Amino acid sequence: MLDGIRGQTNFRLGGWQGYQGKDFEATIDLLKVKDIHKVSVGFLQDTRAWIIFPTSMTVEVSEDNVNFEPYGTFVNQVPANNYEEQVQEFTMSKNAKCRYIRIKAKTFGKLPDWHLGAGGDSHIFVDEITKE
């Protein structure tokens, strides 16, 4: 997720970390307090393969890895029944000082009745986490 290699729309090529039936959470240690201006995370949607964009992503920042402050929230606008294989960057911009960046992405949850896998758990596929 931090190697600079971006996942493609074909998830079978690799480059993605997948999570099924649960939210995604990661904390990044920048090793020292830095100024940041933007945080982006890449996600994949391939509805036929049960991979659906998270419903939302929140970012929190901290200087001590104990006390986190809100940085921002990104709400997905792409419907789950959009069958186009697509990659989207969930991006938010704000000036902050931090050493730690915590990212939480909410899973779509159970697949709805219109899906061939109705009742199954959807996947979140995430690749690159970047900051500026």
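Brief remarks on what is shown
- Residue match in the range 114-122 (condition: touching a Leu at 6+ places or on another chain (Cβ under 8 Å), touching a residue at least 40 places away in the same chain (Cβ under 8 Å) and open to solvent by 30 Å² or more (accessible area, probe 1.4 Å)): yes
- Pick from the range 8-32, criterion surrounded by fewer than 13 Cβ atoms within 10 Å (Cβ to Cβ) and modelled with pLDDT of 95 or more, ranking: farthest from Asp121 (Cα to Cα): Lys32
- Answer from Ala80, Ala105 - the residue that is open to solvent by less than 40 Å² (accessible area, probe 1.4 Å), in a strand (DSSP E or B) and aliphatic (A, V, I, L, M): Ala105
- Screening Asp64 on (1) closer than 19 Å to Glu132 by Cα; (2) of a type in the set (D, E, K, R); (3) without any contact (Cβ under 8 Å) to a residue 60 or more places away in the chain shows it passes everything except condition (1).
- Flag if Tyr83 is in contact with a helix residue (DSSP H, G or I) (Cβ under 6 Å, 6 or more places away or on another chain) and touching a residue at least 12 places away in the same chain (Cβ under 8 Å): yes
- Search result, residues across the range 123-132 that are open to solvent by 30 Å² or more (accessible area, probe 1.4 Å) and either assigned to a loop (DSSP other than H, G, I, E, B) or among the acidic types (Asp, Glu) (or both): Glu132
- Scanning the range 33-44 for residues that are open to solvent by less than 30 Å² (accessible area, probe 1.4 Å) and either over 13 Å from the mean Cα position of the chain (by Cα) or among the hydroxyl-bearing types (Ser, Thr, Tyr) (or both) yields a total of 2.
- Flag for Gln45 being without any contact (Cβ under 8 Å) to a residue 12 or more places away in the chain and either over 17 Å from Val126 (Cβ atoms) or not in a loop (DSSP other than H, G, I, E, B) (or both): no
- Unmet criterion (only one of (1) open to solvent by 30 Å² or more (accessible area, probe 1.4 Å); (2) on the phi < 0 side of the Ramachandran plot; (3) in a loop (DSSP other than H, G, I, E, B)) for Pro54: (1)
The values are calculated or read from the model by the stated rules, or taken from the named source; none is laboratory data. All values reported here derive from a predicted model rather than from experimental measurement. Because the Cβ atoms are built from the backbone with ideal geometry, glycine has one as well, and the counts that use them run over all protein chains shown. Accessible surface areas use protein heavy atoms only, side chains included; no ligands, DNA or RNA. Shrake-Rupley method; radii C 1.70, N 1.55, O 1.52, S 1.80 Å.
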